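The values are calculated or read from the model by the stated rules, or taken from the named source; none is laboratory data. If you're wondering where the values come from, they're calculated on a predicted model, not measured in any experiment. Cβ placement follows ideal geometry from the backbone for every residue including glycine, while neighbour counts extend to all protein chains displayed. Each accessible area value is taken on the protein alone, full model and side chains, heavy atoms only, with ligands, DNA and RNA left out. Shrake-Rupley method; radii C 1.70, N 1.55, O 1.52, S 1.80 Å.
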Amino acid sequence: MPIRATKRGGERGPLSGSHDVLICGASFAGLAVARELSGSGADVLVVDRYEIGERQTSACGIPTEWLRATGLMAAERQRFDSLLIHTPHGSRRYALPWSFSTFDYRELCALLWEQCDARFETAKVNGRAAPADGDGSIAVETDRGVLCAPLVVDALGWRRVLASGDGYQPPDAPLSRGLEVHPHGSAADLEIWIDRRYVPAGYGWSFPARDELRIGVGSFDPRFHVRETTELLAEDLSRDRVRYQGNWIPHELRAATEGGVFFAGDSAGHCLPLTAEGIRTAIYFGVALGRELRAVHEGRQDRERAAANYASFHDSHEWKFRWMLRAQRLVPRIPPRLLGPMIRLMGAKRFVGWSFEHYLRIAPPPRSADHENGSHHQQGDADHPPGAERDLVEAEQA
Ligand SMILES: Cc1cc2nc3c(=O)[nH]c(=O)nc-3n(C[C@H](O)[C@H](O)[C@H](O)COP(=O)(O)OP(=O)(O)OC[C@H]3O[C@@H](n4cnc5c(N)ncnc54)[C@H](O)[C@@H]3O)c2cc1C
């Protein structure tokens, strides 16, 4: 069981007041925005229903270079130079042109938070509240009271709590589902299974993290329940089925701004289709957003300009996400008997190098120098922008 650090009931007094920036959600996207605002002098409040780092939201796999360039290497648990792909017709090891790392969620969040100078409160965000006045301030209702700010960020994940509520719900919305178990133990390889025994459209994984494994199954089809096959994969690997972690995973972009609110990470659909990699993109877009908000606070632009810039940055990535979605739709249509030979063909060194480099460039790592200079909030460019639930467990039981 995760350690519960969040204060309950009487320990949580009422909250109210106005801030320069209100960031809802203290995971990858929210903390990345807060970090970009550090040193700006802005009064930034970050809220989350849990304490920072308390509730792991993923298998925590990321390109190593992203950890390095953002000064987060201390959270690394294990590094992989190759990826082992299994199909029912054989296995193939891909030598990766760049390494991939797993990290400790709690530690990574703590490191990000160390680089922020914001305030934090635990509070559950319920939605927009009626604004108290007409000064452009946005009011947000939480279980501890109403909070206001002219600049509000929704980094709350796929539910996009601060949007208008357009009935975006699984299983009809473009969401994948992912569930994993976290048994103690160790292993050497980063492994993927493309095997209809586990999931008709999607993949299974085992991400070792030094003294723990993250073994799970992701389905692109939200109607396919992954609990049974996650347990089957763990059983096939002779690992314990313990410490479940799962959620819905968006696989389509959504508007970057709405009603004056800014969205980053899963709330904006920033998770990549096909691979369901959403950590580096949450940080990438979070940093880009943080820069825009910083410019507003420093009087260099107004909120509308920031919204237009951020939306245009977000939109400029749309075609890359569309290509990934096409691939996501194609893979399940490949006849199983062709999968093995295709995986072997695609294992050619030049092809792996080419495809992985392109894949990394969808959200390239920031230049390390940005962080080493201690200036993770410097201006970037289009290619190097950022300096840098339990829900599914319940759904599976339903
Ligand atoms: C099983 C699984 C494994 C995955 N593995 C990987 C992986 O290895 N690598 C990778 O790159 N991606 C992975 N992903 C995808 C990745 O987890 C997400 O894309 C990423 O976490 C998005 O970051 P975020 O900050 O937008 O949202 P989240 O990390 O989901 O954080 C949202 C935050 O908002 C808080 N919150 C939510 N609702 C409320 C509310 N109403 N009030 C207050 N607080 C609230 C939550 O407590 C949380 O802290 C995985 C996803 C799943 C489901």
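Is region 366-375 home to any residue that is closer than 23 Å to Leu37 by Cα, at pLDDT 90 or above and surrounded by 15 or more Cβ atoms within 10 Å (Cβ to Cβ)? Quick ask: steps written out before the conclusion?
Taking region 366-375 as the starting set, the residues that turn out to be closer than 23 Å to Leu37 by Cα are 366-375.
Keeping just the survivors that are at pLDDT 90 or above gives none.
Checking region 366-375: not a single residue is closer than 23 Å to Leu37 by Cα, at pLDDT 90 or above and surrounded by 15 or more Cβ atoms within 10 Å (Cβ to Cβ).
Considering only residues that are part of a helix (DSSP H, G or I) and among the β-branched types (Val, Ile, Thr), look in region 329-359 and name the one that is farthest from Arg280 (Cα to Cα).
Ile343
Pairs under 6 Å by beta carbon, first residue closer than 11 Å to Ile23 by Cβ in region 41-56, partner assigned to a loop (DSSP other than H, G, I, E, B) and more than 8 Å from the ligand (Cβ to nearest atom), six or more apart or different chains?
Partner pairs satisfying both residue conditions: Ala42/Asp20; Val44/Leu37; Val44/Ala118; Leu45/His19; Val46/Ala118.
Which members of region 42-82 meet the condition of being open to solvent by 40 Å² or more (accessible area, probe 1.4 Å) and of a type in the set (Val, Ile, Thr)?
Result: Thr57, single match.
Please work out which one of (1) surrounded by 18 or more Cβ atoms within 10 Å (Cβ to Cβ); (2) within 30 Å of Asp315 (Cβ to Cβ) is the condition Val199 fails and give its number.
(2)
So is Gly145 open to solvent by 40 Å² or more (accessible area, probe 1.4 Å), away from the ligand (no atom under 12 Å from the Cβ) and under 23 Å from Phe263 (Cα atoms) or not?
no
Taking Gly39 as the residue in question, decide whether it is surrounded by fewer than 20 Cβ atoms within 10 Å (Cβ to Cβ), of a type in the set (Gly, Ala, Ser) and at pLDDT 95 or above.
So Gly39 fits the description; yes.
Would you confirm whether or not region 296-309 contains a residue that is open to solvent by 10 Å² or more (accessible area, probe 1.4 Å) and within 20 Å of Val161 (Cα to Cα)?
Here is the first cut: in region 296-309, the ones open to solvent by 10 Å² or more (accessible area, probe 1.4 Å) are 296-305, 307-309.
In the following step, the residues that additionally are within 20 Å of Val161 (Cα to Cα) were identified as 307.
Taking every residue of region 296-309 in turn, at least one turns out to be open to solvent by 10 Å² or more (accessible area, probe 1.4 Å) and within 20 Å of Val161 (Cα to Cα).
On the given criteria, is Trp323 at pLDDT 75 or above, closer than 27 Å to Trp248 by Cβ, surrounded by 13 or more Cβ atoms within 10 Å (Cβ to Cβ) and over 18 Å from the mean Cα position of the chain (by Cα)?
Yes, satisfied.
Check off (1) in contact with a Leu (Cβ under 7 Å, 6 or more places away or on another chain); (2) closer than 30 Å to Leu45 by Cβ for Arg160 and give me the number that stays unchecked.
So the condition that Arg160 fails would be (1).
If the requirement is being surrounded by fewer than 19 Cβ atoms within 10 Å (Cβ to Cβ) and either within 13 Å of the ligand (Cβ to nearest atom) or part of a loop (DSSP other than H, G, I, E, B) (or both), which of these qualifies: Gly165, Gly204, Gly157, Gly178?
Working: Gly204 fails: surrounded by fewer than 19 Cβ atoms within 10 Å (Cβ to Cβ); Gly157 fails: surrounded by fewer than 19 Cβ atoms within 10 Å (Cβ to Cβ); Gly178 fails: surrounded by fewer than 19 Cβ atoms within 10 Å (Cβ to Cβ).
Every option except Gly165 fails the conditions.
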